[in-house]
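J.: The structure under discussion is supplied below as structure tokens; questions concerning it will follow.
No value in this document is a laboratory result; all are computed from the given coordinates. Just so it is clear, the model here is predicted, and its values are computed rather than measured. Reconstructed Cβ throughout: ideal geometry from the backbone, glycine too, with neighbour counts over all protein chains shown.
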Amino acid sequence: MNKQVDIKKLSPKDFETDQEVRWCPGCGDYAILKGVQMTLANTGASPENTVFVSGIGCSSRFPYYISTYGFHTIHGRAPGFATGIKLANPDLDVWLVTGDGDGLSIGGNHMLHVLRRNVDIQIMLFNNEIYGLTKGQYSPTSQPGLITPSTPMGSVDAPLSPCVFALGAGARFVARGIDTSLKELPVTLARAKDHKGASFVEIFQNCIVYNDDVFGEFTQKKTAKDTQIHVKHGEKMIFGKDVIKGLWFNAEKFGLEVVVIGENGITEDDILVHDETNRHIAFMLCELEAPDYPVVCGVIYCNPAESYDKAVQDQVAQAKRDKKADFNALLRRGRTWTVE
Amino acid sequence: MSVQSTQHVNDDVTKLESVVIRFAGDSGDGMQLTGSQFSVATALEGSDLSTFPDFPAEIRAPVGTTFGVSAFQINFGSVEVSTAGDEPDVLIVMNPAALKVNLNNLRKGGMIILDEGAFNAKNLKKAGYEVSPLEDESLAQYNLIRIDITRMTVETVKKFGLGNKDSLRCKNMWTLGLVLWMFGRKRQPIIDSLAQKFAKKPDVANANIAALNAGHAFGETAEMSSNLHRYQINKYEEEAGIYRTVNGNQSLCWGILAGSQLADLEILLGSYPITPASPLLHMLSDMKEFGVITFQAEDEIAAICSAIGASFAGKLGMTTSSGPGIALKTEAIGLAISTELPLIIVDIQRAGPSTGLPTKTEQSDLYQAVWGRNGDAPIVVISVSTSTDGFEVGIEAVRLATKYMTPVMILSDGYIANASEPWKIPDINDYDAFPVKFHQDPEGFHPSKRDPETLARVWAKPGTPELMHRIGGIEKDYDSGHISYDADNHQKMTDVRRAKIDNIAQDIPLQEVSQGTEGGKLAIVGWGSTYGSIHQAVKKARKDGLDVSHIHIRHIWPLPRNLEALLNSYDRVIVAEMNVGQLNTLLRSQYLLDSVLLSKVSGQPFKIAEIHEAIVENTGDLK
């Protein structure tokens, strides 16, 4: 009889490296790092089969602090590397770490394509609405009017919503989390890891040096219950300190509204049930902004389809079944002649 | 078809050593198909041959215009042929524009076969002729054969009920039939190929075959009453074996695949379509049975990044492009250098700068290949010199990339990419395998650990237990592989990256003299696709008693370790290249060599005569 060996369950600490973490003290990245290490431990991830890939920026230093395989690449191009890694070895669990500059500015095109192709990787976009590593210039998600070294009179750029972009690109898994919400974030990331295909997770991350408290309006613990809503598939979208606010679909205006149960004849039955497979509602949920609306967190959209890497592997497998890999025969295919 | 080599076999067959034919017509006239079919028929008859497809960048330029002219030139013979020929002996033109563009190059006294039916007022005007060249004396010095190919083709294919457009599309096959008759080539392989190509449109297939046969029959029946004759070209004495025709893109593609087989790796190609490199993407996409994965990325950058990612994960990463695309890949090449991953980068050069002349040839990416990156960023650069040479170069590139954990850039160009030659098909079992051994041992492992001899970094792929590590573009500590901002360490890492590539000079063949002697009055140094022209020019000059040798460099970086001494053994060195002196600069900078440049950047390959002239000029004053 085989001896039973206990496989040691890894803890979040087992996913730490011996490298000194070099983010600014108080940076939201520390919390996210912890959240990811918790996720890996909770989901029983195998360090040797996990790869973290990043581009350039504060967030992209991430792979150095996770004791799996890691590749810190070049600015904006992490999706290309991640795609190559996943195509080369589909057994690897590939995570991509990027930011609002890396992923949506210099790498916006690659982000579009990795999402539409549906490569089976997890993408974590740390959104801090600023360029940190280059010392504080505005980013594609910065709010208009933001004063920065490159916009001394205020930014005149229209900002981009990362989740709306992802949905528009054809992403089949879109979720949101907050750096310090370490109760919810690992749950959301575990869902992302579980999803076959490209999973896109926007994480609101506070840059304490260049854009401190930019998300304060909805991330403060005291008011969070009224400014955030954590959606779950099949559950009514009810929120608020008193658990009486909810999201209601106004068919006349074709949009979501915040209503209060018990006011204006609204009952619990009127509150919308979250259907994470409904792309139309997903767009509406992503567009809700503070202070008029709660900011939606959790898995907003999840509607899986065959991943790109799976389809590619299937074609290779089929070719291997149908044709013999005979190199000499390949060179002799077509017209040949013999010289005696 | 020069006078010296002409010999009458009997009254109606003239024996020739070699002949140059140029098919020229509108982009829509099917000249590339005609030329390639004629090449196949010629190869099957055992001639040596070299082809030159010369076409515009526009897919279908306005009909009848000079900029829409597409041409295909073939040189074939019973003697060694290594270029497509300086000047055609026979020019076949399907319209006035084709005549206008190509006449300049025709040998004086050469033959013109033209489709009289296309020389109407409208076409003459489009080509810019005020007076028809058929009506003045401008063609008097040529052997002009006027045939109304248009009318005869339309009549031949009438019974198949095709529309006017489809009927006219058979003109090229009528013409091909006639040329096959003239040069005694068989029709059957072309008939087979037409039947296959148009298997789903039997009427079109039959009409084309009928046109081919009609052109052939025209030759047979018109022979007595016109100046049309038959020519005989004997077989070229090749060594025994199985042969096929191959172009530079094919041989390179197969060479890299062969290399991957010998390395026991599967290829992942990340690529983005670009002229003239796209055929590599197409070919490799159809080799999935060898485990080849092709990824047509969203752009050049994502293409190379996916290849580097694949190399990190344990595949042979590869990317293919041309000059402008290579420029976009530059930053990623730097990362592959910094992370010391194997990578095959193929640059099928075209005329630049910027978009340049996409379908015309040039060798102007040498600086970009050797020096074109930020930082001190050395890589291996190897060049392809003939249509068949890609096979050996491909294998060598994979061997060096995997043995030394480095990107290798292969420089080919638009001329040899598309030009065909006969090729004795090799047997992969004759090549020594160099299987890659991935690192497995956790004892003392770190990602910067290197082989003391080759200086290659270990290749530990994700999925291997206990070897988890992180790599990236930030400078790494020599002894641990961790990020390091230490000044002395950066010096050390820069030195080791350089030494690793420099050392490869010990592992590549010594530079040979491809023709002539070591030492002497003059050496012509070339690289890449100029091989054929230099070879023939030097051959001719040596026959005339001139002291000249030909040195053709395959390994551009690092250079062969004996090259300096070899070049110093000549009184004078001419560097011939299709740029304004890029190899010349390299050699001068490395060896303080007082070399002379012979440059050509017209988008067209060197003529033999141009090289020969330089030889004559440069040997005269040397005592």
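J.: Let me know the whole percent of all Cα-Cα pairs from the protein assembly as shown that are separated by more than 58 Å.
T.: Counting every Cα pair in the protein assembly as shown, those more than 58 Å apart make up 24 percent.
J.: List the trypsin sites (Lys or Arg not before Pro) within the range B:98-192 that DSSP assigns to loop and that have no more than 10 neighbouring Cβ atoms inside 10 Å. Could the numbers behind the result be given before it?
T.: Working: sites: B:LYS100, B:ARG107, B:LYS108, B:LYS122, B:LYS125, B:LYS126, B:ARG146, B:ARG151, B:LYS158, B:LYS159, B:LYS165, B:ARG169, B:LYS171, B:ARG185, B:LYS186, B:ARG187; in loops: B:ARG107, B:LYS108, B:ARG169, B:ARG185, B:LYS186, B:ARG187.
Hits after loop and neighbour filter: B:LYS108.
J.: Moving to a separate point now. Taking amide hydrogens as modeled 1.01 Å from N in the peptide plane, which residues meet the under 5 Å criterion relative to B:GLY472, leaving out close sequence neighbours?
T.: A:HIS72
J.: What whole-number distance in Å separates the alpha-carbon centres of the range A:177-224 and the range A:228-267?
T.: Distance between centres, Cα-based: 22 Å.
J.: Could you pull the Rg and Dmax for the range B:343-391, using just the Cα atoms, both in Å?
T.: 12.2, 35
J.: Rounded to the nearest 0.05, what FRET efficiency do B:VAL131 and B:VAL616 give with R0 = 41 Å and r taken as the Cβ-Cβ distance? Could you check?
T.: 0.55
J.: Next question. Sort out for me the Cα centre separation of the range B:111-140 from the range B:467-540, rounded to whole Å.
T.: Here the answer is 54 Å between Cα centres.
J.: Which FRET efficiency value, to the nearest 0.05, is calculated for B:HIS229 and B:GLU80 with the Förster distance at 30 angstrom and r the Cβ-Cβ distance?
T.: On the way: r = 25 Å, r/R0 = 0.84.
Given R0 = 30 Å and the Cβ-Cβ separation, E is 0.75.
J.: Mind scanning B:LYS360/B:LYS600; B:LYS329/B:LYS437; A:LYS86/A:LYS196; A:LYS9/A:LYS86 and naming the pairs with a C-alpha gap bigger than 21 Å?
T.: On the way: B:LYS360/B:LYS600 13 Å; B:LYS329/B:LYS437 28 Å; A:LYS86/A:LYS196 12 Å; A:LYS9/A:LYS86 26 Å.
The pairs that break the limit, which is 21 Å between Cα atoms, are B:LYS329/B:LYS437; A:LYS9/A:LYS86.
J.: Now for a different question. Between A:CYS24 and A:THR267, what FRET efficiency comes out of the Förster formula 1/(1 + (r/R0)^6) with R0 = 51 Å and r the beta carbon distance, rounded to 0.05?
T.: Details: r = 48 Å, r/R0 = 0.95.
That gives a FRET efficiency of 0.60.
J.: Of all DSSP beta bridges located in the protein assembly as shown, what percent are antiparallel, nearest 5? Let's see the in-between values first.
T.: Details: 47 of 135 bridges.
Rounded to the nearest five, the antiparallel share is 35 percent.
J.: For the range B:198-283, run through the GluC sites (Glu not before Pro) and keep only the ones in DSSP coil with at most 12 other Cβ atoms within 10 Å of their Cβ. Before the final figure, lay out each step's value.
T.: Details: sites: B:GLU220, B:GLU223, B:GLU237, B:GLU238, B:GLU239, B:GLU266; in loops: B:GLU237, B:GLU238, B:GLU239, B:GLU266.
Here the sparse-neighbourhood loop sites are B:GLU237, B:GLU239.
J.: What whole number of Å gives the distance from the Cα centroid of the range B:245-319 to the Cα centroid of the range A:115-138?
T.: 29
J.: Something else now. Step by step: find N for chain B, compute 2.2 N^0.38 Å, then divide the Cα radius of gyration by it. What's the final number?
T.: Numbers: Rg = 26.6 Å, N = 623, 2.2 N^0.38 = 25.4 Å.
Normalised by 2.2 N^0.38 Å, the Cα Rg of chain B equals 1.05.
J.: Could you tell me, in Å, what Rg and Dmax come out for the Cα atoms of the range B:407-512?
T.: 19.1, 56
J.: Along the three principal axes, how long is the range A:179-282 when you take its alpha carbons, biggest first, rounded to the nearest angstrom?
T.: Each principal axis gives a Cα extent; for the range A:179-282 these are 46, 35, 25 Å.
J.: Among residues other than A:LYS34 whose Cβ falls under 14 Å from its Cβ, what is the net charge (Lys/Arg +1, Asp/Glu -1)?
T.: Details: positive: A:LYS13, A:LYS183; negative: A:ASP14, A:GLU16, A:ASP29, A:ASP179, A:GLU184.
Net local charge, A:LYS34 excluded: -3.
J.: While we're looking at this one, here's another question. Return the long-range amide H neighbours of B:VAL381 (sequence gap of 5 or more, or a different chain), with a cut-off of under 5 Å between placed amide H atoms.
T.: Result for B:VAL381 returns B:MET409, B:ILE556, B:TRP557.
J.: Could you work out how far helix B:390-404 tilts from the main Cα principal axis of chain B, as a 0 to 90 degree angle to the nearest 10?
T.: 10
J.: For labels at B:GLU220 and B:HIS490 in the simple 7 Å Cα→Cβ model, what's the distance in nm?
T.: 8.0
J.: Cα to Cα, under 22 Å, and not fewer than 8 places away if on the same chain: which lysines meet these conditions relative to A:LYS236?
T.: A:LYS183, A:LYS225, A:LYS245, A:LYS253
J.: Apply the Karplus curve 6.51 cos²θ - 1.76 cosθ + 1.60, θ = phi - 60°, to the phi angles in the range A:175-180 and return the couplings in whole Hz, x for Gly and Pro.
T.: 9, 9, x, 10, 3, 8
J.: Compute the acute angle (0 to 90°) between the alpha-carbon long axis of helix A:308-322 and the principal axis of greatest extent of the alpha-carbon atoms of chain A; round to the nearest 10°.
T.: So the inclination is approximately 20 degrees.
J.: Can you put A:ASP226, B:ASP430 in order of Cβ neighbours within 10 angstrom, beginning with the fewest? If you can, show how the numbers build up before the last one.
T.: Values: A:ASP226 17, B:ASP430 6.
So the ranking, lowest neighbour count to highest, is B:ASP430, A:ASP226.
J.: Work from the charge dipole of the range B:129-206 (Cβ charges, +1 for Lys and Arg, -1 for Asp and Glu, about the Cα centre) and give the residue of B:THR175, B:THR150, B:PRO189 farthest towards its positive end.
T.: Selected residue: B:PRO189.
J.: What would the Debye equation give as log₁₀ I(q)/I(0) for the range B:523-623 at q = 0.11, 0.20, 0.23, 0.25 Å⁻¹, counting only Cα atoms as equal point scatterers?
T.: -0.29, -1.01, -1.32, -1.52
J.: Treat each spin label as a single point 7 Å out from the Cα along the C-beta direction, and report the A:GLU257 to B:THR355 distance in nm.
T.: Using points 7 Å along Cα→Cβ, the separation is 5.4 nm.
J.: Could you line up B:ARG230, B:ARG457 from fewest to most neighbouring Cβ atoms inside 10 Å? Provide the component values of the computation, followed by the final result.
T.: Values: B:ARG230 16, B:ARG457 24.
Neighbour counts put them in this order, fewest first: B:ARG230, B:ARG457.
J.: Give, as a single signed number, the net charge of other residues whose beta carbon lies under 11 Å from the beta carbon of A:SER54, with Lys and Arg counted +1 and Asp and Glu -1. It would help to have the intermediate numbers written out before the result.
T.: Working: positive: A:ARG61, A:ARG77, B:ARG470; negative: A:ASP102.
That sum, taken over residues with Cβ under 11 Å, equals +2.
J.: What list of whole percents do you get for P(r) of the range B:5-120, with Cα-Cα distances grouped in 10 Å bins up to the one holding the largest distance?
T.: P(r) for the range B:5-120, in whole percents per bin: 15, 43, 32, 10, 1.
J.: Taking a label point 7 Å from the Cα of A:ASN278 along the Cα→Cβ vector, which residues of the range A:186-218 have an amide N closer than 12 Å to it?
T.: none
J.: Still on this structure: Return the sequence-ordered ³J(HN,Hα) values of the range A:323-339 in whole Hz as given by the Karplus equation 6.51 cos²θ - 1.76 cosθ + 1.60 applied to θ = phi - 60°, using x for Gly and Pro.
T.: In residue order, the calculated couplings are 10, 7, 7, 10, 4, 4, 5, 4, 5, 9, 6, x, 7, 10, 9, 10, 9 Hz.
J.: Please give the length that would be gained between A:GLU289 and A:ASP242 if that part of the chain were fully extended, namely 0.36 nm times their separation in residues minus their C-alpha to C-alpha distance (nm, one decimal). Don't jump to the answer; show the numbers that get you there.
T.: Numbers: separation 47, 0.36 × 47 = 16.92 nm, distance 2.05 nm.
Extending this stretch completely gives an extra 14.9 nm.
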